[in-house]
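The structure appears right after this line, and notes come after that.
The values are calculated or read from the model by the stated rules, or taken from the named source; none is laboratory data. All values derive from a computational prediction rather than experimental measurement. Quick reminder, even Gly has a Cβ in these numbers, built from the backbone with ideal geometry, and neighbours come from all protein chains shown. Side chains included, ligands, DNA and RNA excluded: accessible areas come from the protein's heavy atoms. Shrake-Rupley method; radii C 1.70, N 1.55, O 1.52, S 1.80 Å.
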Amino acid sequence: LPHARAMHTAHGLGDGYFFGNDFYPIWLTSREWAFDHRDPYSPEMTRAIQIGLFGRSLDPRNPLDPDAGYRTFSYPAFTDVLALPLAGMPFAAARVLLALLFPLLLGLTVLLWVRFFGLRTSPDQLAILLILTLFSYPGLEAVFALQWGLLVQFLLAAGLAALGKNRTWSAGCWLALATIRPQLIVLLVFYLLLWTLADWRGRRGFGYGFLGGSALLATSALLISPRWIFEWWHVLSGYRKYTYPPLARDLWGPHWGAALMGGLLVAALALAWRMRHVSAASGEFALTVSLLLAISVVTLLPSDAVYDHLVLLPGIIFLLRFWRRLLLVNQAFRIVLALSIAAVVWPGIAAMAVIGMRLVHPLAGWAILLPVRTAASVPFVILAGLGLAMRELLRRRMTLASE
C-alpha cells in the first residue's frame with residue numbers, strides 16, 4: 001500500500017483519501033443528495049469524487065491520468081438510500097466505524113457459509129478458518145478499501161443460510177438487498193428464480209421476498225434520481241473504458257477469452273436448468289450455488305477486483321467439506337486440489353519471504369507484488385475443483401437413472 005501510494009503521488013494523484021477509497025463515492029453521493037439533492041451520476045459529482053480521492057479532478061489531456069470517467073458513481077441509486085445513516089457523519093468517522101464493523105461482518109459471513117454447508121468444525125478449526133479468511137489478501141484489501149462487496153457477501157450468505165432452513169421469504173429479502181452489486185449475483189439470482197418457478201407452490205415465498213424487496217429498493221431510488229436507471233446504465237456502458245476485463249478475457253486474450261466466457265456462461269445456464277428441482281438443503285444445491293458464484297468471478301467481474309474473490313468462500317468450504325470423498329472417486333481432482341492448495345498458500349509464504357528480504361535490502365516493485373502473483377489463478381483452480389465435483393455428481397445421477 002505505501003508503494004501504491006507513492007506511485008499515485010508521483011502521478012499527482014496522491015493528495016486524496018486512500019484508506020476507505022471504495023466507500024468514499026457512496027458516502028459522498030449519499031451525503032450530497034441528503035443535504036443538496038445533487039444527482040449522484042452527474043459529471044459534477046464525478047469531479048467531486050475525484051477531488052476527494054486524488055486531490056484534483058482527472059484531466060483528459062494528461063496521458064498519465066486514468067479515463068476522465070474513472071471513479072464515477074457506479075452503484076444502483078438505492079445504494080445511497082441504504083447509506084443514508086452514514087451520510088450525516090464526517091467521512092473520517094464513518095470510515096473508522098466501518099473499519100471496525102466490516103471485519104466482524106466478514107467473520108459472520110464465514111459462520112453463515114459454514115452453517116449453510118453443514119461443515120462440522122471444532123472451535124480451533126473454525127478460528128483458523130476465520131483468521132485465514134480475514135488475513136487473506138482479498139479480505140485485507142476489502143477491509144482497507146471499505147469495499148461494500150463485503151456487505152453483499154454477508155447478505156448473500158445470510159440469504160442462502162435462510163434458504164437452507166426453508167425460510168424462503170426472508171431469503172428473498174436478503175438477496176434483494178444484495179443487488180447493490182448486481183454483477184456479483186446475477187447468475188445466482190437467475191438460478192434461484194428458475195428454482196422458484198420449478199416448484200412455485202412450495203418456494204413462492206422466495207419469489208415474493210426477492211421481487212417485493214427489489215421493487216421497494218428501485219422505488220426508493222426514485223427519491224435519489226427519477227432517471228436513475230438510465231443514468232446508471234449509461235455509467236455501466238462506459239465502465240469498460242477504465243476497468244480491467246474479466247479474468248477469462250484478461251488472461252486468455254480477446255478471442256480465446258471471449259470463447260471461454262461464452263462457454264462458461266452457457267454451461268451456467270444449462271446447470272441452472274438442470275438443477276432447478278433440487279432441495280435447498282441438499283449437497284447438489286450447495287454445489288450449484290458455489291459453481292455459479294465461481295463462474296461469476298471469472299466471467300463477469302473485473303480482473304483487478306481481487307476483493308471480490310471472497311465470493312469463492314462457499315466453493316472453498318464445499319471443497320473442504322467433501323475433499324476426501326472426491327479424492328477417492330476422481331483422479332484428476334488430486335492434481336486440482338494440489339494446485340488449489342499451492343495457489344491459496346502461496347501469498348502467506350511469499351509475504352514472509354518479502355518481509356525477510358526487506359530487512360536486508362530495499363525491494364523493487366516486482367518483489368513487493370510477489371504475494372499476489374497467484375491471485376488470478378485462485379478462481380480458476382477453485383472453479384476446476386467445483387467443476388470436477390459437479391461432473392462426478394452428474395455422472396452418478398446418470399448411473400442411478402440407468403439402473
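So for the pair residue 373, residue 91, with labels modelled 7 Å out along Cα→Cβ, what separation do we get in nm?
About 3.6 nm, to one decimal.
Under a crude label model (7 Å from the Cα following the beta-carbon direction), how far is residue 37 from residue 256 in nanometres?
Spacing of the two 7 Å Cα→Cβ label points: 5.6 nm.
Take the Cα coordinates of the range 241-336, assign each an equal point scatterer, and use the Debye formula without solvent to give log10 I(q)/I(0) at q = 0.10, 0.17, 0.24 Å⁻¹.
-0.33, -0.89, -1.25
Can you tell me the equivalent ellipsoid semi-axes for the range 69-185? Use √(5λ) from the Cα gyration tensor, largest first, whole Å.
Ellipsoid half-lengths, sorted descending, are 26, 20, 12 Å.
Run the helix sum for the chain: -39,500 (n - 2.57) per DSSP H stretch of 4+ residues, divided by residue count, reported at 222 nm to the nearest 500 deg cm²/dmol.
Helix contribution divided over all residues of the chain: -23500 deg cm²/dmol.
Note down the Stokes-Einstein diffusion coefficient of the range 98-164 in µm²/s, whole number, using a Kirkwood radius over alpha carbon pairs, 20 °C, and 1.002 mPa s.
177 µm²/s
Would you work out if the range 235-279 is rounded, prolate or oblate? Take a ≥ b ≥ c from the square roots of the eigenvalues of the alpha-carbon gyration tensor; rounded if a/c is under 1.5, else prolate when a/b is larger than b/c, oblate otherwise.
Because a/c hits 1.5 or more and a/b fails to exceed b/c, the range 235-279 counts as oblate.
If DNA, RNA and ligands are ignored and the probe is 1.4 Å, what is the ranking of 261, 357, 45 by accessible area, most exposed first?
Correct descending sequence by accessible area is 357, 261, 45.
What residues from the range 85-128 fall in the zone where the backbone N is under 17 Å from a label point 7 Å along the Cα-to-C-beta line of residue 324?
Answer for this model: 118-123, 125-126.
Please give the contour-minus-distance gain from residue 119 to residue 361: 0.36 nm per residue of separation, less the Cα-Cα distance, rounded to one decimal in nm.
Length gained, residue 119 through residue 361: 82.7 nm.
Counting only Cα atoms, I'd like the Rg/Rh figure for the range 306-400, Kirkwood definition for Rh.
Rg/Rh: 1.13.
Roughly how large, in nm² to one decimal, is the mean projection of the convex hull of the alpha-carbon atoms in the range 1-40?
3.4 nm²
Arrange the residues 81, 354 by how much accessible surface each exposes, largest first, with a 1.4 angstrom probe.
81, 354
Could you order the peptides 203-211, 216-224, 8-16 from most to least packed, using the average number of other C-beta atoms within 10 Å per residue?
Highest-to-lowest ranking by the protection proxy: 203-211, 216-224, 8-16.
When N counts the residues of the chain, how does its alpha-carbon radius of gyration compare numerically with 2.2 N^0.38 Å, as a ratio?
Expressed relative to 2.2 N^0.38 Å, the Cα Rg reads 1.01.
Can you send over the carbon and sulfur percentage of the accessible area for the chain, probe radius 1.4 Å, protein chains only?
Accessible surface attributable to carbon and sulfur in the chain totals 68 percent.
Hey, can you list the DSSP H helices of the chain whose Cα span along the axis is 18 Å or longer and whose average Kyte-Doolittle score is at least -0.5?
Those that clear 18 Å and a mean of -0.5 are 91-117, 149-164, 182-198, 200-224, 254-274, 283-299, 313-329, 331-360, 377-402.
At 7 Å along the Cα-to-beta-carbon direction for both residue 100 and residue 199, put a label point, then send me their distance in nm to one decimal.
4.4 nm
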